[in-house]
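The values are calculated or read from the model by the stated rules, or taken from the named source; none is laboratory data. Since we're looking at a predicted model, the values are computed, not measured. When we count neighbours, we look across all protein chains shown, and the Cβ atoms used for this are built from the backbone with ideal geometry, even at glycine.
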Amino acid sequence: MKIKATLSRIRKDWVIYLMLLPAIAYFVIFNIVPLIGMKLAFQDYRIIGDNQWVGLKHFKVLFSSPAFFDVLKNTIIISTMKMIFIFPIPIILSLMINEVRVGPFRKYVQSVVYLPHFLSWVVIAGVWISFLNPADGGINVIRNFFQMPSVDFITSKEHIRWVLVFSEMWRTAGWDSILYLAAIMKISPSLYEAARIDGASSLQQMRYITLPELAGTIVTVFILNLGFFMNAGFDQVFNLINDSVISVIDILDTYVYRIGILNGQYAYATAASLFKGVIGVVLILGTHFISKKISGKGVW
């Protein structure tokens, strides 16, 4: 019966499902089909002839490599910083946008905060490198105005991780707030009307109505974000990395790129990539079941 009901729904809304096909094709081609190649992590790659099965050889080499643990540490530190400092920003931004009552101004604010999402990291890296330039960058011009010395943030091991955090925040906060704004729009206006009649202020309405209603969305997004915890942002790091700071922002993805694409160690790079993927799956499942036990809410 469920299959018949599903087929009936597809026939009824076939145009909508047709629109999903490009997205489905993208994920199948670039996310599911490549999983077949993960078996290379357990083989020695041969350009000519069949690959040789070697079991856990590459994983043993991987876990005995000091370089691997250095990039693993960098990945965890950068991802943790992004999770702590970036994750709450779209929530706060959506609450602030929701409080803007002037229609044209609200649309202007939304357009401004959404725009960075559509820029590539090549462009964004160029913008931030210019903005943080020690000679005439905006930040250092302000520092010099207050008699503070210039800082080359892009080549500073002390500051570069914060550059990653703030540039990621600038690019994604506005776009990610759309999901929370959509969830806010679903909240019944009668709840706010009742609260206003009882004398609740805007802040109290936000605290006792909006945030509790957003809890399910926040939990779901948090769990899904944990699944990408080990990514740490390849495009961003690749465009901002340099020899001065490689020791503190070299992450798993750039490590895999370097040993796999540049050095030709395809099997070893696949093992490192598989390790990252397994950790992501474990984080999603673990967080989901813990959240289910504590709050009753999870991804499914």
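Mind listing whichever residues of the stretch 183-219 are β-branched (Val, Ile, Thr) and either in contact with a Cys (Cβ under 9 Å, 6 or more places away or on another chain) or exposed (fewer than 12 other Cβ atoms within 10 Å of the Cβ) (or both)? Even if it seems obvious, please write down each step before you answer.
Initially, the stretch 183-219 is screened for residues β-branched (Val, Ile, Thr), giving 184, 187, 197, 209-210, 217-219.
197 - this is the single residue of the stretch 183-219 that is β-branched (Val, Ile, Thr) and either in contact with a Cys (Cβ under 9 Å, 6 or more places away or on another chain) or exposed (fewer than 12 other Cβ atoms within 10 Å of the Cβ) (or both).
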Open item on the list: Just to be sure I understand, how many residues within the stretch 25-62 are part of a helix (DSSP H, G or I) and within 10 Å of residue 271 (Cβ to Cβ)?
Closed with: 10
Open item on the list: Would you confirm, using the coordinates I've provided, whether residue 260 is farther than 29 Å from residue 176 by Cα and either in a loop (DSSP other than H, G, I, E, B) or touching a His at 6+ places or on another chain (Cβ under 8 Å) (or both)?
Closed with: no
- [ ] With the checklist (1) surrounded by 12 or more Cβ atoms within 10 Å (Cβ to Cβ); (2) closer than 18 Å to residue 237 by Cα in hand, flag the one item residue 88 doesn't pass.
- [x] (2)
- [ ] Filter the stretch 244-257 for residues that are in a loop (DSSP other than H, G, I, E, B) and crowded, with 18+ Cβ neighbours inside 10 Å and give the result.
- [x] 245, 250, 251
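Has the stretch 38-50 got at least one residue that is surrounded by fewer than 10 Cβ atoms within 10 Å (Cβ to Cβ), on the phi > 0 side of the Ramachandran plot and in the same structural domain as residue 264 (by TED's automatic domain parsing)?
Step one: list which residues in the stretch 38-50 are surrounded by fewer than 10 Cβ atoms within 10 Å (Cβ to Cβ), which gives 47-50.
This time we only want the ones that are on the phi > 0 side of the Ramachandran plot, so: 49.
Of the ones still in play, those that are also in the same structural domain as residue 264 (by TED's automatic domain parsing) are 49.
Checked against the condition, which is being surrounded by fewer than 10 Cβ atoms within 10 Å (Cβ to Cβ), on the phi > 0 side of the Ramachandran plot and in the same structural domain as residue 264 (by TED's automatic domain parsing), the stretch 38-50 yields at least one hit.
In the set 122, 141, which member is of a type in the set (Val, Ile, Thr) and under 20 Å from residue 240 (Cβ atoms)?
Numbers: 141 fails: under 20 Å from residue 240 (Cβ atoms).
Just one listed residue meets the conditions, 122.
Could you say whether any residue in the stretch 68-77 is of a type in the set (A, V, I, L, M, F, W, C), over 30 Å from residue 162 (Cα atoms) and either out of contact with any strand residue (DSSP E or B) (no Cβ under 9 Å at 6 or more places or on another chain) or not in a helix (DSSP H, G or I) (or both)?
Of the stretch 68-77, the ones of a type in the set (A, V, I, L, M, F, W, C) are 68-69, 71-72, 76-77.
Pick out the ones that are also over 30 Å from residue 162 (Cα atoms) and you get none.
No - not one qualifying residue is present in the stretch 68-77.
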Task: the stretch 67-77, residues that are exposed (fewer than 14 other Cβ atoms within 10 Å of the Cβ) and within 18 Å of residue 270 (Cα to Cα) - done: 67, 69
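Each row is one residue, and each column tells you yes or no for (1) within 30 Å of residue 187 (Cα to Cα); (2) of a type outside the set (Gly, Ala, Ser).
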{"site": "219", "(1), (2)": "yes, yes"}
{"site": "245", "(1), (2)": "no, yes"}
{"site": "271", "(1), (2)": "no, no"}
{"site": "286", "(1), (2)": "yes, no"}
{"site": "290", "(1), (2)": "yes, yes"}
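Tell me whether the stretch 210-219 contains one or more residues that are assigned by TED's automatic domain parsing to the domain that holds residue 71, aliphatic (A, V, I, L, M) and not in a helix (DSSP H, G or I). Don't jump to the end; show me each part of the working.
Applying the first criterion (assigned by TED's automatic domain parsing to the domain that holds residue 71) to the stretch 210-219 yields 210-219.
Cutting the leftovers down to aliphatic (A, V, I, L, M) gives us 211, 214-215, 218-219.
Filter again for not in a helix (DSSP H, G or I), leaving none.
Checked the stretch 210-219: no residue is assigned by TED's automatic domain parsing to the domain that holds residue 71, aliphatic (A, V, I, L, M) and not in a helix (DSSP H, G or I).
If you scan the stretch 51-66, which residues turn out to be surrounded by 13 or more Cβ atoms within 10 Å (Cβ to Cβ) and among the hydroxyl-bearing types (Ser, Thr, Tyr)?
Looking only at the stretch 51-66, we keep the residues that are surrounded by 13 or more Cβ atoms within 10 Å (Cβ to Cβ), and these are 51, 54, 57-59, 61-63, 65.
Scanning the stretch 51-66 gives a single hit, 65.
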TODO: Just give me the residues in the stretch 220-235 being modelled with pLDDT of 85 or more and not in a helix (DSSP H, G or I), in sequence order.
DONE: 229, 230, 231, 232, 233
TODO: Among the candidates 180, 268, single out the residue that is on the phi < 0 side of the Ramachandran plot, touching a His at 6+ places or on another chain (Cβ under 7 Å), touching a residue at least 60 places away in the same chain (Cβ under 8 Å) and surrounded by 15 or more Cβ atoms within 10 Å (Cβ to Cβ).
DONE: 268
Task: Count of residues meeting criterion [assigned to a helix (DSSP H, G or I) and either crowded, with 17+ Cβ neighbours inside 10 Å or free of Cβ contacts under 8 Å to residues at least 12 places away in the same chain (or both)] in the stretch 130-155 - done: 11
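For the stretch 175-202, name all the residues that are closer than 14 Å to residue 94 by Cα and in a helix (DSSP H, G or I). Steps first, please.
Restricting attention to the stretch 175-202, the residues satisfying the condition of being closer than 14 Å to residue 94 by Cα are 175-187.
Correct list: 175, 176, 177, 178, 179, 180, 181, 182, 183, 184, 185.
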Open item on the list: Restricting to the stretch 187-213, give me the number of residues that are closer than 15 Å to residue 97 by Cα and either in contact with a His (Cβ under 7 Å, 6 or more places away or on another chain) or not polar (S, T, N, Q) (or both).
Closed with: 3
Open item on the list: Please go through the stretch 103-131 and give me each residue that is under 28 Å from residue 150 (Cα atoms) and β-branched (Val, Ile, Thr), ordered by number.
Closed with: 122, 123, 124, 127, 129
